[in-house]
1. Evaluate the following for A119: is it of a type in the set (A, V, I, L, M), without any contact (Cβ under 8 Å) to a residue 40 or more places away in the chain, surrounded by 12 or more Cβ atoms within 10 Å (Cβ to Cβ) and out of contact with any Phe, Trp or Tyr (no Cβ under 7 Å at 6 or more places or on another chain)?
2. Could you give me the residue pairs with C-beta distances under 7 Å whose first residue belongs to region 93-106 and is touching a residue at least 40 places away in the same chain (Cβ under 8 Å) and part of a loop (DSSP other than H, G, I, E, B), whose second residue is surrounded by 18 or more Cβ atoms within 10 Å (Cβ to Cβ) and among the aliphatic types (A, V, I, L, M) wherever it lies, and which are 6+ apart or on separate chains?
3. Mind listing whichever residues of region 69-92 are outside any helix (DSSP H, G or I), under 19 Å from the mean Cα position of the chain (by Cα) and without any contact (Cβ under 8 Å) to a residue 40 or more places away in the chain?
4. Only one residue in V22, V59, V41 is surrounded by 10 or more Cβ atoms within 10 Å (Cβ to Cβ), among the aliphatic types (A, V, I, L, M) and at pLDDT below 75, so which one is that?
Amino acid sequence: MRIEAQTRRRAAPSLTPLIDVVFLLLLFFMLASTFARFASVDIAIGQEGGGAPSDRPAVLVSVTQEGGYAVNGTAVELAALAQALADAAAEEEVRIIVKPSASARAQDVLQAVERAKAAAVGPVVLIN
C-alpha cells in the first residue's frame, strides 16, 4: 500500500508589505525634498501716453539677448550692476530705466530689476 504525500501548493505572495514600503519611500522623499519658493516682482503698468516729463535724470540699463548688461551704454557684469548704478547716480536720486532687447530672457530682466531696486537710487521703470 502506497501512501502518496500531499503536495503543498505555494501561496501567492502578499503584496501588502510591498505597498507599505513603496508608500513609506514616497512619504520619505516628499518630506525630505525641498520645495522651491518662487519670488515675485511687483510691476506697475501705466497708461500709454499718460506720462509727464520728469525732472529727474535717468540711467538706462540695457539687457541684451545674451544676458549682458549695460549702464548708459557701458557694459557691466551682473555682480557689479548695483554698484554701477550707484556710481551713475552720483549722490542724486535718478530714475532707473530697464530696457530689455526683444529676445532677452525674462530671468535676466528680473535680475536687472532686482539689482536696480537693491541700488536704492530711485524708482525703477521697465520699458519695452
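The values are calculated or read from the model by the stated rules, or taken from the named source; none is laboratory data. No experiment lies behind these values; they were computed from the predicted model shown. When we count neighbours, we look across all protein chains shown, and the Cβ atoms used for this are built from the backbone with ideal geometry, even at glycine.
1. It is true that A119 is of a type in the set (A, V, I, L, M), without any contact (Cβ under 8 Å) to a residue 40 or more places away in the chain, surrounded by 12 or more Cβ atoms within 10 Å (Cβ to Cβ) and out of contact with any Phe, Trp or Tyr (no Cβ under 7 Å at 6 or more places or on another chain).
2. A104/V63
3. Within region 69-92, E77 is the sole residue that qualifies.
4. V41
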